[in-house]
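Since the structure comes first, as structure tokens, the remarks are kept for the end.
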């Protein structure tokens, strides 16, 4: 089974986010990028499928942030090929453009499955998976937490999450796109020694594409919510706070 | 350009989901300000009975076909596209849900219509529609002026009140021209997997004690259990705690778990990722405790304390128990 | 008369003896050669350097029985048995030679008036020692000391050797009055006792011969049996001591070859010295009794670890020797998941108590770390640990906090510490992640900064350039990450300008001192902050303005005390502050680990835990009468003990204080 994984870099929230003075983008100072968490799961799911039924796993990423490092890590985990796509895209909040680029690279029936995270923290204009599936007119199933290849290699059986703990088991005819919520096991750990070794020997292919003509969204402003806005903060140490909460509950007749 | 608003109705196991009412309520408001109509699409099989709940809309595009019995994106998409073709709405409102996520991208890319996800606010300003979307884990909000063309917007459940959408009269039906045969579905529903039988239905508990990663390990769960017992409440949790296996799936609150609206929701060590907030932000009284003053939970909480949950839990339990014994002896 | 001159049936006695002798020697030699061949399966390692130092080791630990005397009640009996063994080695060899070559009339020890009494008294001493150790093994039954047929048999053999010897002596005296005036107290007494029986007197020569044969045959049996029993430690221990590691314990062996897979899980991946541990181990259980994880019910056991290595070696080694790998099961199965579970390996806190107590100088930790390295290499890491490792790799700290927040603690100070990257300083203060990021500890860090500032110390920090030192990362087996962290830190050191380095964290101290070669061997020395404070007090740069009226006890951190021998500096400081220092029963080298080392702070507890080591420790401190504070000098200790006081409910009775806090109070530094 030939599987393509689309990996995206998103801002690392650990570093804290600041809005640029112009108010329409993030301040790039101190901004660090990290692989989107559900894309990591998508890669893991792809590798698990490869381990079970054989085939190839190829990982694609736009050249943003620490994409190259993510691709090398993917190779260290067992991916067969890693492609860094340079498209000169400056606006990050644009999955439509990214989808068009990937659709261009992945079309033509090269892959049985295209896996990507079901959502990323910077999805403003829809998630990548659905947009790619729409462009390529492929079936798409989102919020997938399990995927098994059917014996004949023409379908995958997936579990799609619904709220309240429910899930639907679906048959998806290949080729298809899946939006992964969680892989069947947590993303595997790569020991640093192996990673450093792979860094020396692995090759990341580089592809340049012409950025598609875009109709970007009209973003008027970015802003941060007021901190603790709305919440009345209780001061004092734990003992004092416990007492205050207690009287609050009592006041509201929430105690028996 | 038509100023109609189309709402995509979602239902599960015979009832309309809350998101549908939320979207209808907002849709009505926007339709009024744009001087257009509110339409709603209802797709499914043997769902005619739900039409009378959609009274707030002007028209219902009911498509009742056996192929639509269980949700499968190919069929639904085809029907919805036909409806869009027919109605040519200004705005299409969907829930940012398991279903909405599939339809949003598929239709947007295929039909070349712009789309937005994670919307939490929608308003009309002098005839222009402005959407506010949350990104980066709820830490940043983006304001987008919607283009003057059909646009798809996926809304985060719980963003709008549902009462304005609950009008029980029967709206007018609108016929949509559809092909006799829908395109062959490439995804087919096999079966529904139910969650493992739970001990408690947290959606019915009036008092919930929620725990997040701040609880740190399974041993500390007992602190939350003790408080819940003292309050006659139930312990629930955010996804990370469930993933660790410290509580069963039926106790999960959030986008993939349950949506709860208790009288009291105490959030201990929960940072407030949007997925979790979605599931509890409509609680009547929310008290949040977290060591991080910038935790997003404080944006939905009514009261907050920047303290270590592990320290506060036993003290609060003690206070509540003492109060109970005082009352009993008086 | 030498009993082998007589005929046994038709065959001369000496011929029979020769037969048994050659058989015993043959069995012994064959087995020993086999064992040596098994050892050679292991990887090469050069332990033939510094011969004089190694000889000294043998003298101190084998002949000096140093480690055994740590527990004198059982140590002294062992010393008696050990020296008894040496004495009898000579005596019995003499008897054997006499027996094998009866016509040469070789002199034996029993005819030497100086040596004979020694042997005689030793027989009694050995029996006494044996009585004590048997009582301990079979009646008291301490943990780790097993009741096996092997142990029982060995005890019986030694006892019977002593008894038969004494009986030989006694009957010799009874049967022949020619004793040459040699006085043997026990033998004489026994002779007197049995000489009163006419029957025994009449057949004295026969009994003499009988017991002589018994003695010799038991010895020969013992010789043949020895290399198959746990008593192999007799042969192997001198070698394990000779080939013991000369490097400081705080320096782990780096992987030999970068190309080969890291760590070990099969026999040929361990070194021959690690395999030798299996044979040198006397299964005495000292390591297990000392292990803090074992004490609280974790499945981790140093004794079991070495035992399992021996099992693996004896079970699968022979097949490897003959290259007879069964095609079906792929040959030797891996130890991990086989004889050893991952849980046992992750349970270790790397406190070093095990190897510190081991009388044969085995290196349990090196075996354990090699197995951990292999677990990491296979990606089989505990979930929490994995998160910590990912954070360490990406952010340089296990908390997952931004590097930029390293120096946030400095904002509360009313002065700005010097930046050692930008200006030269005398002391580079490397804090360690706990001191920088942990909310409870930041307060203490600020306090120390103020104390040093008040003392006019010329110190600086490297602000955001600081990364985790890698001590615990290395000990969980993530060698690649350790190297990465070390490279980053070394790059920072090269750019900074300083004379010496000190740190708040003993873990940092250990690795900087022992595992950062270019740091300590160069012009910089590495200190713990308690050593710096001690110097400041002694030189009068820091003055005690008020004597503290507290009664305290001090906990020796593993990485400061047991690993690096720094016991006195913190105590000197405490005494200078005027406190009344009371020692806990387990102090200094015997200090009980808080349970946070070896990456354990990054993992969940495995197995049944009824009391964490930290809880046991705070109870020990609270049991000291009138003690108000448990003083610590390690940030992890502070966190672990503070938690333990809560979970044991001892908060009202005892509080944890970092040494810094007391110093600040005594020096009136706010």
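The values are calculated or read from the model by the stated rules, or taken from the named source; none is laboratory data. It should be emphasised that the depicted structure is a prediction, and the values quoted were computed from it without experimental measurement. Here the Cβ is made from the backbone with ideal geometry for all residues, glycine too, and neighbour counts use every protein chain on show.
Some observations on this one:
- Scanning segment A:225-255 for residues that are assigned to a loop (DSSP other than H, G, I, E, B) and surrounded by 14 or more Cβ atoms within 10 Å (Cβ to Cβ) gives A:225, A:228, A:230, A:231, A:234, A:254, A:255.
- Residue in segment B:251-270 that is without any contact (Cβ under 8 Å) to a residue 40 or more places away in the chain, assigned to a strand (DSSP E or B), touching a strand residue (DSSP E or B) at 6+ places or on another chain (Cβ under 8 Å) and assigned by TED's automatic domain parsing to the domain that holds residue B:306 present: yes
- Of C:223, C:276, all but one fail to be touching a residue at least 24 places away in the same chain (Cβ under 8 Å), over 18 Å from the mean Cα position of the chain (by Cα), outside any loop (DSSP other than H, G, I, E, B) and under 25 Å from residue C:33 (Cβ atoms); the exception is C:223.
- Some residue of segment A:110-133 being surrounded by fewer than 18 Cβ atoms within 10 Å (Cβ to Cβ) and more than 7 Å from chain B (Cβ to nearest Cβ): yes
- Filtering segment A:188-202 to residues that are without any contact (Cβ under 8 Å) to a residue 40 or more places away in the chain and part of a loop (DSSP other than H, G, I, E, B) leaves A:189, A:191.
- Within the set B:205, B:218, B:185, B:177, the sole residue that is within 13 Å of another protein chain (Cβ to nearest Cβ) and surrounded by fewer than 16 Cβ atoms within 10 Å (Cβ to Cβ) turns out to be B:218.
- Scan of segment B:45-55 for residues that are surrounded by fewer than 22 Cβ atoms within 10 Å (Cβ to Cβ) and either outside any loop (DSSP other than H, G, I, E, B) or touching a residue at least 40 places away in the same chain (Cβ under 8 Å) (or both), ordered by number: B:48, B:49, B:50, B:51, B:52, B:55
- Options B:106, B:84, B:122, B:94: the member that is more than 18 Å from residue A:161 (Cα to Cα), more than 9 Å from chain A (Cβ to nearest Cβ), within 22 Å of the chain's Cα centre (by Cα) and outside any loop (DSSP other than H, G, I, E, B): B:122
- Scanning segment A:147-166 for residues that are closer than 17 Å to residue B:99 by Cα and more than 7 Å from chain B (Cβ to nearest Cβ) yields a single hit, A:158.
- Taken together, the residues in segment B:228-247 that are surrounded by 24 or more Cβ atoms within 10 Å (Cβ to Cβ) and assigned to a helix (DSSP H, G or I) amount to 1.
- Checked across segment C:177-194, the condition of being buried (at least 20 other Cβ atoms within 10 Å of the Cβ), at pLDDT 90 or above and farther than 25 Å from residue C:291 by Cβ holds for no residue.
- Of all residues in segment B:134-153, exactly one satisfies the criterion of being more than 7 Å from every other protein chain (Cβ to nearest Cβ), touching a helix residue (DSSP H, G or I) at 6+ places or on another chain (Cβ under 7 Å) and in a loop (DSSP other than H, G, I, E, B), namely B:150.
- Residues of segment B:109-119 classified as facing chain A (nearest Cβ under 8 Å), part of a strand (DSSP E or B) and without any contact (Cβ under 8 Å) to a residue 60 or more places away in the chain, total: 3
- Counting only strands (runs of 3 or more DSSP E) that sit completely within segment C:546-665, those holding 1 or more residues that are buried (at least 23 other Cβ atoms within 10 Å of the Cβ) and either touching a residue at least 12 places away in the same chain (Cβ under 8 Å) or not assigned by TED's automatic domain parsing to the domain that holds residue C:475 (or both) correspond to C:551-554, C:629-632, C:655-658.
- Pick from segment B:62-73, criterion crowded, with 21+ Cβ neighbours inside 10 Å and out of contact with any helix residue (DSSP H, G or I) (no Cβ under 7 Å at 6 or more places or on another chain), ranking: nearest to residue B:20 (Cα to Cα): B:71
- Any hit, segment B:284-293, residues being within 15 Å of residue B:228 (Cβ to Cβ), in contact with a helix residue (DSSP H, G or I) (Cβ under 7 Å, 6 or more places away or on another chain) and either surrounded by fewer than 18 Cβ atoms within 10 Å (Cβ to Cβ) or at the interface with another protein chain (Cβ under 7 Å from one of its Cβ atoms) (or both): yes
- Screening residue A:103 on (1) at pLDDT 95 or above; (2) part of a helix (DSSP H, G or I) shows it passes everything except condition (1).
- In summary, helices (runs of 4 or more DSSP H) completely within segment C:331-445 and bearing 2 or more residues that are under 30 Å from residue A:33 (Cα atoms) occur at C:364-377, C:383-395, C:433-437.
- Residue B:200 vs. criteria farther than 30 Å from residue A:138 by Cα, more than 11 Å from chain A (Cβ to nearest Cβ), in contact with a strand residue (DSSP E or B) (Cβ under 6 Å, 6 or more places away or on another chain) and modelled with pLDDT under 90: yes
- Here residue A:138 fulfils each of the conditions (1) in contact with a helix residue (DSSP H, G or I) (Cβ under 6 Å, 6 or more places away or on another chain); (2) not in a strand (DSSP E or B) apart from (1).
To keep it simple, each residue is scored yes or no on (1) closer than 20 Å to residue A:163 by Cα; (2) outside the structural domain of residue B:255 (by TED's automatic domain parsing); (3) out of contact with any helix residue (DSSP H, G or I) (no Cβ under 7 Å at 6 or more places or on another chain).
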site	(1), (2), (3)
B:10	yes, yes, no
B:16	yes, yes, no
B:31	no, yes, yes
B:34	no, yes, yes
B:41	no, yes, no
B:44	yes, yes, no
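- Scoring residue C:441 on the criteria (1) closer than 17 Å to residue C:529 by Cβ; (2) out of contact with any strand residue (DSSP E or B) (no Cβ under 7 Å at 6 or more places or on another chain); (3) crowded, with 23+ Cβ neighbours inside 10 Å; (4) modelled with pLDDT of 95 or more leaves a single failure, condition (4).
- Selection count, segment A:5-55, where residues are in a strand (DSSP E or B) and more than 10 Å from every other protein chain (Cβ to nearest Cβ): 6
- Residue A:78 fulfils the conditions (1) crowded, with 17+ Cβ neighbours inside 10 Å; (2) within 21 Å of residue A:192 (Cα to Cα); (3) within 14 Å of chain C (Cβ to nearest Cβ) except for a single criterion, (1).
- When residue C:254 is tested against (1) surrounded by fewer than 18 Cβ atoms within 10 Å (Cβ to Cβ); (2) touching a residue at least 12 places away in the same chain (Cβ under 8 Å); (3) assigned by TED's automatic domain parsing to the domain that holds residue C:60; (4) within 46 Å of the chain's Cα centre (by Cα), only condition (3) is not met.
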